[in-house]
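Asks: Would you mind keeping the following structure in view while I ask a few things?
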Amino acid sequence: AVMMKGQTAYQMKGFAQVFCSKSCLLEKFPPSKATVKSCYYCFRDISQPLDLIMAVVDLKGTMKDFCSVSCLSFFKTNPSSMKTRHSLSSRFSTTSTQTFTSHCRTCKRTCSTPLEWTLDATIHKFCSSVCLETFCQDKLGACDYR
């Protein structure tokens, strides 16, 4: 369509191309599906944008997402725990199917990609390394999985 003098123009931020209507703009630039963010510390999905807490995690100014003040505080007071978090994520299997859900052994929340721990021939599932650590400390008295 040809733009008329005085007609409202629509433009996508960062692009020079001008459109005659919002629908024409959306044809060229369809809205993307919102990506689900996950907590940098505990891996939980952050489904509500208002729950998202962004914070600087290193001297370079790298910003990361956290699901709660608790996870941010725990990370800030114990940054060495990140070694544990990364070793946990590589040592324990996670289910690959997003449609499968189970309940966390520690907090009882539903989780779509649980960490699995086999103890005494029983598979225990956890929503995060924090819950796995809590389980180990409560049931085993110590965490020897590091």
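Derivation of every value follows stated rules applied to the coordinates shown; laboratory data play no part. Owing to the predicted nature of the structure, the values given are computational and were not obtained by experimental measurement. Here the Cβ positions follow ideal geometry from the backbone for every residue, glycine too, while neighbour counts run over all protein chains shown.
Asks: Given H placed on each backbone N at 1.01 Å, which residues far from residue 124 in sequence or on other chains put an amide H within less than 5 Å of it?
Replies: Close amide H contacts, sequence-distant or interchain: 117, 118, 119.
Asks: Suppose the chain between residue 36 and residue 17 were pulled fully straight at 0.36 nm per residue; how much longer would it get relative to their current alpha carbon spacing?
Replies: Values: separation 19, 0.36 × 19 = 6.84 nm, distance 2.96 nm.
Gain on stretching residue 36 to residue 17: 3.9 nm.
Asks: Give the calculated FRET efficiency between residue 2 and residue 54 to the nearest 0.05, with a Förster radius of 35 Å applied to their Cβ-Cβ distance. Intermediate values should be presented prior to the final figure.
Replies: On the way: r = 44 Å, r/R0 = 1.25.
Rounded to the nearest 0.05, the efficiency is 0.20.
Asks: Still on this structure, please answer the following. Taking the Cβ of each residue in 124, 103 as the centre, tally the other Cβ atoms inside 10 Å and list the residues starting with the fewest.
Replies: Details: 124 18, 103 14.
Sorted ascending by nearby Cβ count, the order is 103, 124.
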